[in-house]
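The values are calculated or read from the model by the stated rules, or taken from the named source; none is laboratory data. Every value quoted in this text rests on a predicted model; they were computed, and no experiment measured them. Every residue, glycine among them, receives a Cβ derived from its backbone with ideal geometry; neighbour counts consider all protein chains shown. Note: accessible area is taken over every heavy atom of the protein model, side chains too, but ligands, DNA and RNA are not part of it. Shrake-Rupley method; radii C 1.70, N 1.55, O 1.52, S 1.80 Å.
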Amino acid sequence: MTEGTSRPPLVDPFGRVIRKVRISVTERCNFRCAYCMPTAPKWFDREAILRFEEIERVVRILASMGVSKVKLTGGEPLMRRDLEVLVSMLSRVPGVANISMTTNGFFLAERARALKEAGLDAVTVSLPSVDRDRFRAITGVDALDEVIKGIDAAIGAGFSPVKINATIVRGLNEDQVVPLAEFARSRGVFIRFIEFMPFDGKGSWRPDRVVSWREMYEVLRSKFDLVPLQRESGSTSMNFAFRGNPGGVGFIASITAPFCDDCERIRLTADGRIVPCMFSPKEFDLRSALRRGATDSELESIIRAAVGAKDRGVKYMLQSGNLPNVVRPMYVLGG
Ligand code: SAM
Ligand code: SF4
């Protein structure tokens, strides 16, 4: 047991210790990003979505088993009214050391300070283009200005760190890699380029639409002086600093160079299912147990069963020559 925890740690069959949870707080979103949402998404019934008290209870149990980092995501997490209340509840859970959020940034300018005061530590804003028309074409919303204001408000509110995420899809926005890196450099932040994963709601993923991290890196290093950084264990990205300037670029190479061997994450969907690996269809229903009055040790058993069933990862699926399956769309999974 580690300090601050009261139960044995969560260890999967491959010896990986689970320290992080990504929580989708809603699957709803005000954007319709081409690589994520179907044209006409079907939302869960409102009662299906976990209440803040239920999320807090799950996090309390996870934290007692050594999970110390919580990421809030969605759908768009800021579509959830009063997210600040949840942040504040989670920030008081013993053992939770870090709370971050991934957002499309649309509502961030007006909420950054309140979120910071509630206890949110770090923010990642998704930005697939710095060109207004292209941004609208990708997301379905003419909101580039709002998102940039959101990024600036997050920097101004003192989140540490503020990062940018950009999912890059061939034929959609691969020409944006350099302008996006320039934008990140102008703000002194890191931008992480994400390889297109087969979790899009339209079913448009194909291997040839994946722009590999190598391809992006080659383009970037011809324009920027990049210094490789040591990769932190459990990190999803390979990072490079801009020489002589704060910030840098990173690559989330989930398809061409996935880091499965030190994965320390599990996920909780908005409707209360634990997903041990995003590339696997396995999921474990916690909501029914929560709502039929299960004890903490019953919930702990379900969580341990989920971790006990965690697959080795997409890296091994690809090594054996199989393409990753289209399991569930990103807006449902919580990216
Ligand atoms: N709405 C928030 C946002 O856009 O940041 C949070 C949820 S979104 C699903 C989380 C991240 O997943 C975003 O950075 C988005 O670009 C990324 N994403 C969505 N669909 C993807 C896909 N098919 N492949 C790779 N990344 C994807
Ligand atoms: Fe919404 Fe984020 Fe998916 Fe875009 S990537 S549609 S902002 S959930």
Next on the checklist: All but one of (1) crowded, with 20+ Cβ neighbours inside 10 Å; (2) at pLDDT 95 or above hold for residue 20; state the number of the condition that does not hold.
Outcome noted: (1)
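From the set of residues in region 149-171 that are free of Cβ contacts under 8 Å to residues at least 40 places away in the same chain and over 16 Å from residue 252 (Cβ atoms), which is surrounded by the most Cβ atoms within 10 Å (Cβ to Cβ)? Steps first, please.
Initially, region 149-171 is screened for residues free of Cβ contacts under 8 Å to residues at least 40 places away in the same chain, giving 155, 160-161, 171.
Filter once more, so that each one left must be over 16 Å from residue 252 (Cβ atoms): 155, 160, 171.
Working: 155: 18, 160: 10, 171: 11.
Checked region 149-171; the qualifying residue surrounded by the most Cβ atoms within 10 Å (Cβ to Cβ) is 155.
Out of 93, 85, 11, which single residue is over 30 Å from residue 198 (Cα atoms), among the β-branched types (Val, Ile, Thr) and surrounded by fewer than 17 Cβ atoms within 10 Å (Cβ to Cβ)? Before the answer, list the steps.
Values: 93 fails: surrounded by fewer than 17 Cβ atoms within 10 Å (Cβ to Cβ); 11 fails: over 30 Å from residue 198 (Cα atoms).
Going through 93, 85, 11 in turn, the sole match is 85.
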Checklist entry - Does at least one position in region 226-247 carry a residue that is under 19 Å from residue 265 (Cα atoms), of a type in the set (A, V, I, L, M, F, W, C) and open to solvent by 30 Å² or more (accessible area, probe 1.4 Å)? => result yes
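Based on this model, can you work out whether residue 138 counts as within 14 Å of ligand 2 (Cβ to nearest atom) and either more than 16 Å from residue 33 (Cα to Cα) or modelled with pLDDT of 95 or more (or both)?
Numbers: within 14 Å of ligand 2 (Cβ to nearest atom): yes; either more than 16 Å from residue 33 (Cα to Cα) or modelled with pLDDT of 95 or more (or both): yes.
So residue 138 passes the test.
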Checklist entry - Residue check, residue 233 against (1) in contact with an Asp or Glu (Cβ under 8 Å, 6 or more places away or on another chain); (2) of a type in the set (Gly, Ala, Ser); (3) more than 22 Å from residue 335 (Cβ to Cβ), all met but one. Which one? => result (3)
Checklist entry - When you scan region 155-195, how many residues do you find that are within 18 Å of residue 103 (Cα to Cα) and part of a loop (DSSP other than H, G, I, E, B)? => result 5
Next on the checklist: Being of a type in the set (Asp, Glu), open to solvent by 70 Å² or more (accessible area, probe 1.4 Å) and under 12 Å from residue 249 (Cα atoms) is true for just one of 182, 215. Which residue is that?
Outcome noted: 182
